[in-house]
Amino acid sequence: MDINFTAKDQAFRSEVRGFLHTQLPLELIDKVRGGLRLGKQDYLYWQRILYRQGWGAPMWPREFGGTGWSPVQQQIFDEECSGADAPLQLPFGLRMVAPVIMAFGNKSQQDYFLPRIVNGTDWWCQGYSEPGSGSDLASLKMRAERISTSDGEHYLVNGQKTWTTLGQHANWIFCLVRTSSSGRQQEGISFLLIDMQTPGVTVRPIIMLDGEHEINEVWFEDVKVPVQNLVGQENKGWTYAKFLLGHERTGIAGVGRSKRELKRLKVIARKETSNGRPLLEDQRFRDRIAQVELELMALEITNLRVLSAEGKQHAPGPEASILKIKGSEIQQTLSELMMQALGHYALPWLPEALDAGWRGEPVGADYAAPLSGHYFNFRKTTIYGGSNEIQKNIIAQMILGL
Amino acid sequence: MDFNYTEEQLALQDTLRRYLAKDYGFEQRRALAKSAEGYSRTHWRQFADLGILALPFPEEFGGITVDGGNAVDNMLVMEMFGRSLVLEPYLTTVILCGGLIRDAGSQKQKKQILPAIGGGELLMALAHYEAQGRYQPSHVASTAQPDGGGFIINGAKAVVLGGGAAGKLIVSARTSGGTNDSNGISLFIVAHDAPGVTLRSYATQDGARAAEVKLTDVRVAKDALIGTQDAALPLIQRALDYAVAALCAEAVGAMTALNEATLEYIKTRKQFGQPIGRFQTLQHRMVDMLMATEQARSMTILAAVRVDANDPNDPNDANDANVTIARRRAISAAKAYVGQSARSVGQSAVQLHGGMGVVDELNVSHYFKRLTMINATFGDADYHLGCFSDSLLAA
């Protein structure tokens, strides 16, 4: 039993830190630290820097162009990147569709798509939820009918996907589609890769409660998709979908990010005042910080326990659901306490202050503008990726056998 | 990074598991709790034969390894004890008192006491907390006046765990300073039958035993002093931290067993024509219990690893204030978190068992009571959350 990092791990941490120190652009640090808007170019800028270093896909095996890092190294990398205020590496390509393509795709799909994910050529989004299929994902209705045309075999796709995060930037979408209506509903689902430039695909924005455009609905009207874009076997997509969700869940434990946010919360609680003293000296508020820090300390170890139990190629098990539930609750609590720390200045809404170029006079402290919006936005974390209630169902069934 | 036990540790765990499964069943344990002494000398001798009573001690004092075992070994033993609700005073004798003598005792004290503990001949108890001081370790109103070559001790000690069975007590008393001062506390070895010592022994809610200890003009010789006069508080804190780490592990063992029992119950108990475990309300509550236990286990691992810092035999480490702060933060974090988890897991287990949760004949209520008492021992969740919270001011 040893929870200390090995000398090799420590050396790795120094290497990552050194890299971030020289290669992470200041303009990106400023945006992330300030809670400002990140655009498509910001994410791509960072992804390409990582790619040039050979670190574009920290969680992939080497044979597919990844780093081949151990789970612990990945955790160190994540923690250092978060701590240095690097932009998140978006999960849709790297953590979601890529593992599916690696495990179930054919050689030509692997050869074509994987390099384009790691070098930032393609931007992927997720086509899972539909207006009538949220938690009950297997009830999805978007149809894909196999047709023969003069230019080969195709699926003709009709239907609608929704809650598509950053779909406005994407050129590819991976979709769960219905290829059969007979038998159990789970058995008629297929996993299809769709080029969003194909005629018939329409992306419409959904504005979230913080006023931001982060999610979309995506419409498909007689969209012709070559059968070569089917991953694995027809009607076996539900298996791949669940495999993907396991990968998604480990990503959203977000330990590194929450550690950074906790530090930020403490800084804010020292700067804000209550009765002429730093807010941190207010015992009621301080105890709430302490409580969330306990949760995070425990999650950090639980996360490492799960990671180190997970062999190199082993897919994440149902324990990942525990990480998702705890991780999302902690993220929400941290965002709530940061908003609460502002007191009156939780109220002002200045969306213009979230643009990096804005030179206006801040209302209240210079860190105040994004915090309430962030709190509102982060209610999503217990909903997405399988709501926390669904996660509990998964644990009840898969771990407890209920 | 490695979350696995070593081969030796696994072998020890296996031996203990088999012994407890065979000889420490619920009914045997229930009878033991109601017996006069509240524990079994037979079990104690068996523990000595298995080597666990000397587990944390160095080889030269009867232990099985050169340097003695570490807090991870304690964790393993205590988790097994938690699963079986073991009543024997292992925590007080071996971990608290044995640990104090190992870390701070003179060569003579070590030779006299450690092999006796390891061999199962000597039980000990720490008489430290006082009624007015609640959980504050620096609160010591009892006094030890120098007298000739020795000391005269006066005072009263509260809820001394295992006090009635102990052949020797380790008593804290003030040799200088005011009641709450950090400096001025000293530790003494006092025989349970020394003139002036009175013990009022009683059962505790969880079936163990404790005692109120009064000391009236108790005379001890100079060599009864442990470590340096006036400087015992860091020793006491370290010993209590070890005990807290061990209690956390005991709680995790108890929670794990309680979850297993509860899961089995909701899978078999039928109402409305189906097992009650089919109902989502109950499923989610069971999942909460599992998560609380796994998170508590993580904190317990953290506590076990951090408490081994500040090795008094390593001068660099022992005097590093930062290491001490990190150790105390981890311990308070773990005890607070485990205390909260123990409370919610215990309460939920009773609730899911319905009426069966509130009867004496089923093990559920016994686990619940032990978990509740673990929270109240050596600082409850609120106390340790406060310690942790206050440490944020310095950080």
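Looking only at residues of segment B:305-316 that are part of a helix (DSSP H, G or I) and more than 10 Å from every other protein chain (Cβ to nearest Cβ), we find that the one that is modelled with the lowest pLDDT is B:P315. Looking only at residues in segment B:287-304 that are in contact (Cβ under 8 Å) with a residue 60 or more places away in the chain and under 26 Å from A:N393 (Cβ atoms), the one that is nearest to the other protein chains (Cβ to nearest Cβ) is B:D288. Within segment A:131-157, residues that are open to solvent by less than 50 Å² (accessible area, probe 1.4 Å) have Cβ atoms under 9 Å from residues that are of a type in the set (G, A, S) and in a loop (DSSP other than H, G, I, E, B) in these pairs: A:G134/A:S387; A:L137/A:S129; A:L137/A:G386; A:S139/A:G132; A:L140/A:S129; A:L140/A:G132; A:V157/A:G200, counting only partners at least 6 apart in sequence or on another chain. Residue pairs whose Cβ atoms lie under 8 Å apart, separated by 6 or more positions or on different chains, with the first residue in segment B:1-21 and within 12 Å of chain A (Cβ to nearest Cβ) and the second of a type in the set (G, A, S), are B:M1/A:S308; B:D2/A:S308; B:F3/A:S308; B:F3/A:A309. Would segment A:11-30 turn up any residue that is in contact (Cβ under 8 Å) with a residue 40 or more places away in the chain and within 14 Å of chain B (Cβ to nearest Cβ)? Scanning segment A:11-30, I find at least one residue that is in contact (Cβ under 8 Å) with a residue 40 or more places away in the chain and within 14 Å of chain B (Cβ to nearest Cβ), so the answer is yes. One residue stands out in segment B:249-264 among those that are within 12 Å of chain A (Cβ to nearest Cβ), more than 30 Å from B:N70 (Cβ to Cβ) and touching a residue at least 12 places away in the same chain (Cβ under 8 Å): the one that is least open to solvent (accessible area, probe 1.4 Å), namely B:T262. Taken over segment A:125-157, residues that are in a strand (DSSP E or B), of a type in the set (S, T, N, Q) and within 22 Å of the chain's Cα centre (by Cα) amount to 2.
Restricting attention to segment A:266-310, the residues that are in contact with a Ser or Thr (Cβ under 6 Å, 6 or more places away or on another chain) and at pLDDT 95 or above add up to 7.
The set of residues in segment A:371-385 being out of contact with any helix residue (DSSP H, G or I) (no Cβ under 6 Å at 6 or more places or on another chain) and either within 14 Å of chain B (Cβ to nearest Cβ) or open to solvent by less than 20 Å² (accessible area, probe 1.4 Å) (or both) consists of A:N377 alone.
Being touching a residue at least 60 places away in the same chain (Cβ under 8 Å) and away from chain B (no Cβ under 12 Å) narrows it down to one of A:L245, A:L262, so name that one. Just one listed residue meets the conditions, A:L245.
For first residues located in segment B:84-96 and closer than 12 Å to B:L55 by Cα, partners that are hydroxyl-bearing (S, T, Y) and lie 6+ apart or on another chain with Cβ distances below 7 Å form the pairs B:I95/B:Y242. Under the condition of being within 14 Å of another protein chain (Cβ to nearest Cβ) and hydrophobic (A, V, I, L, M, F, W, C), the residues counted in segment B:355-395 number 8. Taken over segment B:152-164, the residue count meeting the criterion of being surrounded by 24 or more Cβ atoms within 10 Å (Cβ to Cβ) and farther than 13 Å from B:Y129 by Cβ is 2. Against the test of being of a type outside the set (S, T, Y), buried (at least 20 other Cβ atoms within 10 Å of the Cβ) and on the phi > 0 side of the Ramachandran plot, the options A:G254, A:G232 yield a single qualifying residue, A:G254. Comparison of B:L263, B:L282, B:L240 shows that the only residue that is under 18 Å from the mean Cα position of the chain (by Cα) and either small (G, A, S) or at pLDDT 95 or above (or both) is B:L240.
Between B:G38, B:G63, B:G68, the distinction of being under 20 Å from B:A208 (Cα atoms), open to solvent by less than 50 Å² (accessible area, probe 1.4 Å) and not in a helix (DSSP H, G or I) belongs to B:G38 only.
Within segment B:343-395, which residues are over 20 Å from B:E264 (Cβ atoms) and among the aliphatic types (A, V, I, L, M)? Of everything in segment B:343-395, those that are over 20 Å from B:E264 (Cβ atoms) and among the aliphatic types (A, V, I, L, M) turn out to be B:M373, B:I374, B:A376, B:A381, B:L385, B:L392, B:L393, B:A394, B:A395. Any chance segment B:104-116 includes a residue that's open to solvent by 40 Å² or more (accessible area, probe 1.4 Å) and under 20 Å from the mean Cα position of the chain (by Cα)? No, segment B:104-116 contains no residue that is open to solvent by 40 Å² or more (accessible area, probe 1.4 Å) and under 20 Å from the mean Cα position of the chain (by Cα).
Can you name the residue in segment B:269-286 that is within 12 Å of another protein chain (Cβ to nearest Cβ) and of a type in the set (S, T, N, Q) and, of all such residues, is most open to solvent (accessible area, probe 1.4 Å)? Reasoning before the result, please.
So the first thing to find is which residues in segment B:269-286 are within 12 Å of another protein chain (Cβ to nearest Cβ), and the list is B:274-286.
Then drop every residue that is not of a type in the set (S, T, N, Q), which leaves B:274, B:280-281, B:283.
Values: B:Q274: 55, B:Q280: 97, B:T281: 113, B:Q283: 23 Å².
If we take residues in segment B:269-286 being within 12 Å of another protein chain (Cβ to nearest Cβ) and of a type in the set (S, T, N, Q), then B:T281 is most open to solvent (accessible area, probe 1.4 Å).
Whenever a residue of segment A:292-309 is facing chain B (nearest Cβ under 7 Å) and surrounded by fewer than 21 Cβ atoms within 10 Å (Cβ to Cβ), its partners that are outside any helix (DSSP H, G or I) and of a type outside the set (D, E, K, R), lying with C-beta atoms within less than 8 angstrom and at least six residues away or across chains, give the pairs A:L304/A:I3; A:L304/B:M1; A:L304/B:F3; A:R305/B:F3; A:S308/B:M1; A:S308/B:F3.
Here is a yes/no grid of residues against (1) part of a helix (DSSP H, G or I); (2) within 24 Å of the chain's Cα centre (by Cα); (3) surrounded by 18 or more Cβ atoms within 10 Å (Cβ to Cβ):
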residue: B:V323; (1), (2), (3): yes, yes, no
residue: B:A326; (1), (2), (3): yes, yes, no
residue: B:A336; (1), (2), (3): yes, yes, yes
residue: B:Q340; (1), (2), (3): yes, yes, yes
residue: B:E361; (1), (2), (3): no, no, no
residue: B:Y367; (1), (2), (3): yes, yes, yes
residue: B:F378; (1), (2), (3): no, yes, yes
residue: B:C387; (1), (2), (3): yes, yes, yes
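Taking the criterion of being more than 9 Å from A:E217 (Cα to Cα) and charged (D, E, K, R), the only residue of segment A:159-181 that qualifies is A:R178.
This table checks each residue for (1) touching a helix residue (DSSP H, G or I) at 6+ places or on another chain (Cβ under 9 Å); (2) in the same structural domain as B:G99 (by TED's automatic domain parsing); (3) not in a helix (DSSP H, G or I).
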| site | (1), (2), (3) |
| --- | --- |
| B:K157 | yes, no, yes |
| B:V160 | yes, no, yes |
| B:G163 | yes, no, yes |
| B:F188 | yes, no, yes |
| B:L215 | no, no, yes |
| B:A251 | yes, no, no |
| B:A261 | yes, no, no |
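In segment A:99-119, is there at least one residue being open to solvent by less than 20 Å² (accessible area, probe 1.4 Å), of a type in the set (G, A, S), at pLDDT 95 or above and outside any loop (DSSP other than H, G, I, E, B)? There is no residue in segment A:99-119 that is open to solvent by less than 20 Å² (accessible area, probe 1.4 Å), of a type in the set (G, A, S), at pLDDT 95 or above and outside any loop (DSSP other than H, G, I, E, B). Only one of the numbered conditions (1) open to solvent by less than 40 Å² (accessible area, probe 1.4 Å); (2) closer than 23 Å to B:T293 by Cβ; (3) of a type outside the set (A, V, I, L, M) is violated by A:G360, and that is (2).
The values are calculated or read from the model by the stated rules, or taken from the named source; none is laboratory data. The structure displayed is predicted, hence computed values, not measured ones. Cβ: placed from backbone, ideal geometry, glycine included. Neighbour counts: every protein chain shown. Accessible surface areas use protein heavy atoms only, side chains included; no ligands, DNA or RNA. Shrake-Rupley method; radii C 1.70, N 1.55, O 1.52, S 1.80 Å.
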